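Here the structure comes first, spelled out in structure tokens, and everything after it is commentary.
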Amino acid sequence: MTPELAIFEPELEDLLREIAADPRSQLLRLPRPESLPALLARPGPVSAGRAGLSAAERHLLEVHRDELADVLRRACLTRFFSDPQRSIYLNRSRNARELIRFDTPEQWRARAHQALEDARRGAAQLAGLDLLEACLRSEPTERISITQLARTSLLLQPTDVAEAYVGLDLILSSKELSGIKVLEQLISDQPSTYVKACSLENVALGFGISGQDAKAITYYRRSAQVDNQRPAPIMGWLVCALIAADRQEARVAAAWLDAIAGGDHPAVDHFISCKTQQRSRGLFKVSGSARRLMHDLASGEGSASGRIADALA
């Protein structure tokens, strides 16, 4: 799920522009799914033999299907982390040693302009978020949702990652119940270990946002058990336990976190920054009993758990 730079060959750029300009195009104009059954129904990949497709669309499916699907998924990740309203809920840790890397839209576009200049000098590369959005939008001013990007990628190439993005986007769009249902269905389909751990973590996030801390703790713990080297769900588990003033759960989570992440771990720094922003915006409150537990735990000076507790106390 770590994004790299999205790169198109000039042939693919011309093909996408032709499809985007065709008002009869079916392939890259995905209706907004509104109902939960529609969201739970993963779209199957479109066959090049499907009736009604133009010659350009058929060629896209035959030659560039995987490339475009991958670019669409990377666009989702960039959109998640570049949105200040969403990014404060997201973690940066892929595991205890590696952070997720992503380009901001500005960085992505800057590289796209450079790639265009290179292409004019003979290099066969092109990149750009604007092109992706142009291929998807029905109206020039319409905002394309992450769910639309992810589900369009599913039309091209079925992946668990894209389905996980749909669930997370719903949760961060104040549709926690729908997002949780999408992710629980994905979990039941036995995805990869990493996607399963992330999906459990995001279900926990959905419950946490909706104020159901006990359920959130359960799912954070399950995520940590699936992949015990990812600090993010353990930090979420710890914070939920602290807010709920659950001393036993807080101490178990703290011990686990301190065993895999040092106090100056960059994932811990990012997590503390996000939680501080959430609290300053009034997105959660700390009771007197929770604050006392945080002060007790913060005595582990220099530890990852102690830093988190101290930042919330």
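The values are calculated or read from the model by the stated rules, or taken from the named source; none is laboratory data. These figures come from a predicted structure and were not determined experimentally. Positions of Cβ are generated from backbone atoms using ideal geometry, with glycine treated the same way; all protein chains shown enter the neighbour counts.
Residues of the stretch 153-165 that are polar (S, T, N, Q) and buried (at least 24 other Cβ atoms within 10 Å of the Cβ): 153 alone.
Sort out for me the helices (runs of 4 or more DSSP H) sitting completely within the stretch 212-313 that have 3 or more residues that are surrounded by fewer than 20 Cβ atoms within 10 Å (Cβ to Cβ). Fully inside the stretch 212-313 and qualifying: 213-226, 247-260, 266-280, 288-297, 304-312.
Each residue in the stretch 207-253 was checked for being of a type in the set (Phe, Trp, Tyr) and in contact with a Pro (Cβ under 6 Å, 6 or more places away or on another chain), and 1 pass.
Of all residues in the stretch 183-210, count the ones that are among the β-branched types (Val, Ile, Thr), modelled with pLDDT under 95 and out of contact with any Asp or Glu (no Cβ under 7 Å at 6 or more places or on another chain). Of the residues in that region, 0 qualify. Counting only residues that are at pLDDT below 90, closer than 15 Å to residue 231 by Cα and assigned to a loop (DSSP other than H, G, I, E, B), the stretch 81-95 holds 5 of them. Could you tell me whether any residue of the stretch 246-259 is among the polar types (S, T, N, Q) and more than 19 Å from residue 91 (Cβ to Cβ)? Within the stretch 246-259, one or more residues are among the polar types (S, T, N, Q) and more than 19 Å from residue 91 (Cβ to Cβ).
Restricting the first member to the stretch 223-248 and to residues that are at positive phi, and the second to residues that are modelled with pLDDT under 95 and among the small types (Gly, Ala, Ser), the beta-carbon pairs closer than 6 Å and six or more apart or on different chains are 245/289; 245/290.
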